[in-house]
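Input: a single structure, listed below in structure tokens.
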Amino acid sequence: MAVPGSGQLSQLAMAQEALYGTYGSGSVTGPISLYDMVNGGNTNGSGNSYPAINTNCTPNPAQRTAYLTLTGIDEIMGSSSFTLYYNASIGNASNLAVGDRLYTDCRLETPYVYSDLFQPGTGDTTTICGSGFNAFFGTDSNGDIDYIYCQNTNP
């Protein structure tokens, strides 16, 4: 069962859904903390310990984890610019590595399945290589980075 998409909502019924998957039925010990229902546990004083959110299914990871952007120029398309997204737990774009997944949308639902991209190295947080280095990178059919090459712009 799930929380209904229309009609009056009840915090008690939502707590029952979080604990038992039965919106509107089941025993709940008060108080009920919305924070605990959303984040799991009972750190905010709930009478029940709520289960952790299942982060193995989409779109939960995308909605629960912030994203960061990666900008650059599509080498195949010439001057066509791009903005890609990735999981914020990676940190700055310079932390991206082979195997990290890139997405076309900020909900992190649509993998970017393209290859041969170019990004000028400005040295800010949205660039893969440091200042003075250009990045050449590509993704595989899953959207995972399959190579990164940083080229010095001042050889």
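With a ≥ b ≥ c taken as the square roots of the eigenvalues of the C-alpha gyration tensor of the stretch 1-53, please select rounded if a/c is under 1.5 and otherwise prolate if a/b is larger than b/c or oblate if it is not?
Values: a/c = 1.76, a/b = 1.67, b/c = 1.05.
Judged from the Cα gyration tensor, the stretch 1-53 comes out prolate (a/c at least 1.5, a/b above b/c).
Tabulate in residue order the Karplus-calculated ³J(HN,Hα) for the stretch 19-28, using 6.51 cos²θ - 1.76 cosθ + 1.60 with θ = phi - 60°, rounded to whole Hz; enter x for Gly and Pro.
Calculated HN-Hα couplings, in order: 7, 10, x, 10, 4, x, 8, x, 7, 10 Hz.
Calculate, for residue 147 and residue 109, the FRET efficiency according to 1/(1 + (r/R0)^6) with r their C-beta to C-beta distance and R0 22 Å; round to the nearest 0.05. Display every interim value, and only then the final one.
On the way: r = 24 Å, r/R0 = 1.09.
So the FRET efficiency works out to roughly 0.35.
Read the figures in this text as sums done on the coordinates, not as results from a lab. Remember, it's a predicted structure, so these values are computed and weren't measured experimentally. Note that each Cβ is placed from the backbone with ideal geometry, even for glycine, and that neighbours are counted across all protein chains shown.
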